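K.L.:
Okay, handing you the structure first.
The values are calculated or read from the model by the stated rules, or taken from the named source; none is laboratory data. Please read these numbers as outputs of a predicted model, since none were measured by experiment. Neighbour counts are summed over all protein chains in view; Cβ atoms, including those assigned to glycine, are modelled from backbone coordinates with ideal geometry. Side chains are part of the model used for accessible areas, which takes the heavy atoms of the whole protein and leaves out ligands, DNA and RNA. Shrake-Rupley method; radii C 1.70, N 1.55, O 1.52, S 1.80 Å.
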Amino acid sequence: MITAARKMRKTRKTRRAAVLAIAGVLTGAALTGCGGEPPAPAPPPASASASASPPPEKPPTMAPGPAGRTPVFERRTTDGGTGGGSAEKVVALTFDADMTADQGPRAASGERFDNPGLVALLRRLKVPSTVFMTGRWAEEYPAQAKAIGADPLFEVANHSYSHHAFSSPCYGLPVVEKNAMTRDVERAFTAFRKAGVRNVVPYFRFPGGCYDDTALRALAPANVTAVQWDVISGDAFATDADAVARQVLDGVRPGSLVVMHCTRSAAPATEAAVRRIVPELRERGYRFVKVSELMRDGA
């Protein structure tokens with residue numbers, strides 16, 4: 001009797017389980033019919049090769065000059081000569097973010113050595129540009145320096161730490177001693193790293209554009225390519241934006257490299273001049289490039 005009762009209870013439990021299972025299936029079917037979704041299978045893990053991004057392309061540089069002198073780049077050649085360039089209508093706008101080592105008190109008193117309006121305009125017009133930044137500027141405006149360096153539209157190059165002259169005379173600038181030249185350039189690169197600046201290229205622009213053979217020899221250990229220009233915008237201390245724009249528009253040729261400034265106190269008309277320069281050059285068929293692209297095909 002006891003054995004029979006146990007068998008009866010076991011049979012009842014088995015039937016109850018079966019009924020519950022069937023009810024679960026029917027409920028699931030009803031939810032699916034009302035728009036419910038069954039759980040999606042987990043996606044397969046991405047392979048390491050598929051998720052890895054390609055390494056960034058190394059910016060081009062020029063080979064050292066005679067006796068290891070620092071090489072100097074001014075523009076892309078367009079005559080099919082040894083530079084290997086062509087008559088492609090490209091132009092590089094470059095902007096010097098100037099601030100000398102002793103201008104901290106002036107900045108503290110309210111003088112502005114930055115120009116966020118100009119940077120915003122270049123972004124809005126989608127103009128690739130190279131910013132030659134002093135280390136002192138990066139220290140004064142670290143957030144702006146970091147933002148410029150993080151934007152793929154721009155690349156950041158070295159304009160010295162101190163913005164002192166590397167040869168004399170040079171517009172009344174104090175002079176860097178020969179044995180301190182490489183150290184001054186390296187100090188600027190250090191300031192960029194401390195500010196979190198990315199997309200830094202191994203290019204250097206002499207403050208004031210002033211250099212001589214002694215400076216080219218002294219800078220050899222820095223392993224930089226010096227970048228000058230063939231079109232002077234005349235925006236330094238200018239107040240007539242139209243005159244600046246005319247000077248640039250009259251001077252640009254295929255492969256040109258234009259020097260301008262990104263400093264409100266020393267170049268207040270630059271933003272307005274760029275607002276005219278960019279559409280007019282595009283109307284002429286020009287394409288804007290960074291110095292690295294100009295150098296890649298023309299050095």
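K.L.:
Can you say whether residue 104 is small (Gly, Ala, Ser) and out of contact with any strand residue (DSSP E or B) (no Cβ under 8 Å at 6 or more places or on another chain), as far as the supplied structure shows?
P.N.:
Details: small (Gly, Ala, Ser): yes; out of contact with any strand residue (DSSP E or B) (no Cβ under 8 Å at 6 or more places or on another chain): yes.
Spelling it out, residue 104 is indeed small (Gly, Ala, Ser) and out of contact with any strand residue (DSSP E or B) (no Cβ under 8 Å at 6 or more places or on another chain).
K.L.:
Right, another one. Identify the single condition in (1) touching a Lys or Arg at 6+ places or on another chain (Cβ under 9 Å); (2) among the aliphatic types (A, V, I, L, M); (3) in a helix (DSSP H, G or I) that residue 226 does not satisfy, given that it satisfies every other one.
P.N.:
Every listed condition holds for residue 226 apart from (3).
K.L.:
Can you name every residue in the stretch 109-151 that is charged (D, E, K, R), within 17 Å of residue 161 (Cα to Cα) and open to solvent by less than 50 Å² (accessible area, probe 1.4 Å)? Before the answer, list the steps.
P.N.:
As a first pass, look at the stretch 109-151 and keep what is charged (D, E, K, R): 111-112, 114, 123-124, 126, 136, 139-140, 146, 151.
With within 17 Å of residue 161 (Cα to Cα) added as a condition, the list becomes 114, 136, 139-140, 146.
Residues satisfying the conditions are 114, 136.
K.L.:
Just for helices (runs of 4 or more DSSP H) wholly inside the stretch 99-140: which have at least 1 residues that are closer than 29 Å to residue 278 by Cβ and in contact (Cβ under 8 Å) with a residue 40 or more places away in the chain?
P.N.:
Answer list for the stretch 99-140: 116-125, 135-140.
K.L.:
List the helices (runs of 4 or more DSSP H) inside the stretch 235-299, counting only whole elements, that have at least 2 residues being modelled with pLDDT of 95 or more and open to solvent by 40 Å² or more (accessible area, probe 1.4 Å).
P.N.:
Correct list: 241-251, 270-283.
K.L.:
Next question, about the same structure. Could you tell me whether the stretch 200-211 includes any residue that is surrounded by fewer than 23 Cβ atoms within 10 Å (Cβ to Cβ), out of contact with any helix residue (DSSP H, G or I) (no Cβ under 7 Å at 6 or more places or on another chain) and among the charged types (D, E, K, R)?
P.N.:
No; the residues of the stretch 200-211 include none that is surrounded by fewer than 23 Cβ atoms within 10 Å (Cβ to Cβ), out of contact with any helix residue (DSSP H, G or I) (no Cβ under 7 Å at 6 or more places or on another chain) and among the charged types (D, E, K, R).
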